[in-house]
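One structure is given here, and the rest of the page talks about it.
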Amino acid sequence: ETQKETLGFQTEVKQLLHLMIHSMYSNKEIFLRELISNASDASDKLRFEAIAQPELLESDPELRIRLSADETAKTLTIEDNGIGMTRAEVIENLGTIAKSGTAAFMQQLSGDQQKDASLIGQFGVGFYSAFIVADKVEVFTRRAGADAEEGVHWESAGEGEFSIATINKPERGTRIVLHLKAAESEFADGWRLRNIVKKYSDHISLPIELPKQHMGDDKDQPVEVEWESVNRASALWTRPRTEVTDEEYQEFFKHVAHDFENPLSWSHNKVEGKLEYTSLLYVPGRAPFDLYQREAPRGLKLYVQRVFIMDDAEQFLPLYLRFIKGVVDSNDLSLNVSREILQKDPAIDSMKSALTKRVLDMLEKLAKKKQEEYATFWKEFGSVLKEGPAEDFANREKIAALLRFASTAQTDDSEVVGLDAYIERMVEGQDKIYYLTGERYSQVKNSPHLEIFRKKGIEVLLLTDRIDEWLMSHLNEYQGKQFVDIARGDLDLGQLEGDEDKQAQEEAAKAKQDLVKRIQEVLKDGVEEVKVSHRLTDSPAVLVINEDGMGMQMRKILEATGQ
Ligand code: ADP
Ligand code: MG
């Protein structure tokens with residue numbers, strides 16, 4: 001070893017390590033999935049780079065992952081012949097966390113193990129999960145194309161620091177050696193390993209090999225290791241739907257999404273015709289920590305004829321569906337396709353609209369068939385979906401059908417009312433969808449604006465999300481029924497008002513003319529106009545916004561920004 005140095009982990013890595021070790025205990029097997037997932041990614045990257053530079057494959061073109069264990073030494077080794085890392089890459093990848101917003105995220109951690117475990121899940125556990133079962137981890141790696149003398153040895157006990165040195169490593173790729181904690185020696189058992197690999201990694205598209213197990217091996221006889229593949233090793237999305245089990249779909253999701261919980265739903269399709277491609281799209285079970293960060297990675301994993309091309313291809317779905325994870329494998333694109341080319345290619349636009357429709361259909365199905373899952377979806381991603389009508393005018397009716405709101409038909413603030421359900425409950429003569437926006441549920445639910453609606457038994461949607469007013473400004477109607485903000489202008493209840501109601505109103509207005517005048521004089525410029533209203537049954541007065549005036553939330557937002 002030469003050029004050995006000891007470096008400290010970035011603060012966030014230390015925090016993550018500490019939490020991981022203390023809160024992931026009941027989930028410890030996942031470390032193997034993470035390391036195999038990384039080995040598979042590293043092979044994908046090499047295969048991609050080798051398209052332009054075939055010499056990177058050196059004399060070793062068969063990509064595979066090998067696992068071996070030493071029960072006596074209590075070590076577990078995971079080895080790939082993928083892309084490998086340079087010294088600088090090792091320091092960057094295994095010493096820091098590059099995701100933006102990480103520091104802010106770490107501050108949310110509470111020390112409550114269960115809560116933090118679920119937060120870490122949102123964040124993704126990755127390489128550092130090795131320290132759940134190991135008290136020392138060594139990484140030996142060499143970048144494809146680099147000289148043998150440019151190998152790197154990284155070593156850490158998962159506390160504050162790691163050491164790094166230059167070594168000679170003739171074989172390309174990465175070997176990770178876990179020195180298992182005394183209590184975790186089960187992971188050095190060949191049969192146990194085999195079972196975990198089968199369970200978690202059958203969908204990995206390259207062979208995962210273990211030494212062949214011989215019953216009654218003579219331990220004293222050294223024999224050349226024979227490797228055998230234990231997984232199916234074919235790209236999951238290329239298999240027919242009927243031959244893939246739910247468990248396999250779920251495991252594959254965890255690999256592509258870097259998540260460790262199951263997805264809520266998925267949609268797997270092969271498209272033939274003018275454009276040929278396969279897509280496998282997932283709705284995750286929870287939002288990532290950086291869902292609202294502009295720079296956060298999003299998009300699908302792109303393959304061309306089964307060859308991995310890029311992560312986070314964002315050209316295939318609109319921004320308001322950025323939470324969708326999955327792969328798209330095209331038969332038509334060139335292997336040299338780049339982000340710039342994707343941006344300009346009109347074929348991508350038509351794929352984008354087809355994939356968008358797939359996602360909306362999948363959500364519609366989820367809403368119809370699995371209400372509990374849909375409620376989870378709404379809680380996690382509802383606010384993002386609300387960006388849809390503004391971004392995707394053509395699909396706004398479809399998106400509107402997926403929206404859920406709180407409503408006066410509900411006794412609490414749960415957002416469970418869809419527009420179809422609202423329409424079904426409309427009273428005789430009602431032809432509009434009424435809503436009220438505000439900052440908090442507790443405030444809108446007691447609004448005087450609701451009095452007349454309560455009296456007449458008409459349901460009103462209660463909108464308190466910051467984005468709601470903006471959303472409603474892009475939704476004029478649904479199923480031919482106009483949306484009406486009940487806090488605006490002259491409330492016209494149309495058919496819902498009987499002739500007596502109207503006559504009584506006119507008489508009241510006449511009788512109160514003088515009062516109105518006096519109030520107008522007192523309030524002067526504070527209001528635009530004072531009117532006698534039929535809106536109220538109990539309260540004496542209410543503030544109303546002009547038909548074309550700016551909404552209350554918008555006013556607040558502008559006031560807050562000093563405009
Ligand atoms: P993620 O996989 O989500 O990027 P990880 O913590 O699992 O995060 O890994 C961090 C980074 O370390 C990877 O992005 C990759 O660049 C590098 N890495 C990890 N394992 C390997 C490997 N076996 N070969 C090459 N690079 C690796
Ligand atoms: Mg990873």
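Taking a ≥ b ≥ c as the square roots of the eigenvalues of the alpha-carbon gyration tensor, the chain is classed prolate because a/c is 1.5 or more and a/b outweighs b/c. For the range 1-139, the spread of Cα coordinates along the three principal axes comes to 51, 39, 32 Å, biggest extent given first. Loop-located GluC sites (Glu not before Pro) in the range 28-108 (DSSP state not H, G, I, E or B) with no more than 15 neighbouring Cβ atoms inside 10 Å: E58, E62, E71.
Given R₀ = 41 Å, what would the calculated FRET efficiency be for E159 paired with S338, taking r from the Cβ atoms and rounding to 0.05?
Efficiency, rounded to the nearest 0.05: 0.45.
Applying 0.36 nm per residue to the separation of E506 and E62 and subtracting their alpha-carbon distance, the gain on full extension is 151.2 nm. Full extension of the segment from K352 to E186, taken as 0.36 nm per residue of separation minus the current Cα-Cα distance, would add 55.1 nm. Applied to the range 205-211, the Karplus parametrisation 6.51 cos²θ - 1.76 cosθ + 1.60 on θ = phi - 60° returns per-residue 3J(HN,Hα) values of 7, 10, x, 10, 10, 10, x Hz, with x for Gly and Pro. Once C-alpha pairs closer than 8 Å and six or more residues apart are averaged by separation and normalised to the residue number of the chain, the relative contact order reads 10 percent.
Averaged over residues, the count of other Cβ atoms within 10 Å places the peptides 355-368, 419-432 in the sequence 355-368, 419-432, highest first.
Each of S234 and A390 was given a label point 7 Å from its Cα along the Cα-to-Cβ line. The distance between the two points is 4.7 nm. Seen from all directions on average, the range 256-327 presents a Cα convex hull projection of 5.3 nm². Measuring against 20 Å, Cα to Cα, the residue pairs K455/K512; K28/K181; K270/K386; K270/K301 contain K455/K512; K270/K386 as the ones spanning a longer distance. Each Lys or Arg adds one and each Asp or Glu takes one away; over the other residues whose Cβ falls under 9 Å from the Cβ of S265, this sums to +1.
Amide H of K325 versus every other amide H placed in the peptide plane: which residues, excluding those fewer than 5 positions away on the same chain, fall under 5 Å? Here the answer is Y282, since their amide H atoms fall under 5 Å of that of K325. Using θ = phi - 60° in the Karplus curve 6.51 cos²θ - 1.76 cosθ + 1.60, the 3J(HN,Hα) couplings for the range 65-75 round to 10, 10, 10, 8, 10, 10, 5, 6, 6, 6, 10 Hz; x is entered for Gly and Pro. If R0 equals 25 Å, the separation of the Cβ atoms of L275 and K481 corresponds to a calculated FRET efficiency of about 0.10.
Coordinate-derived values only; no laboratory data. Note that the structure is predicted; figures quoted are calculated from it, not measured. In this analysis, Cβ positions are derived from the backbone assuming ideal geometry, glycine residues included, and neighbour counts consider all displayed protein chains.
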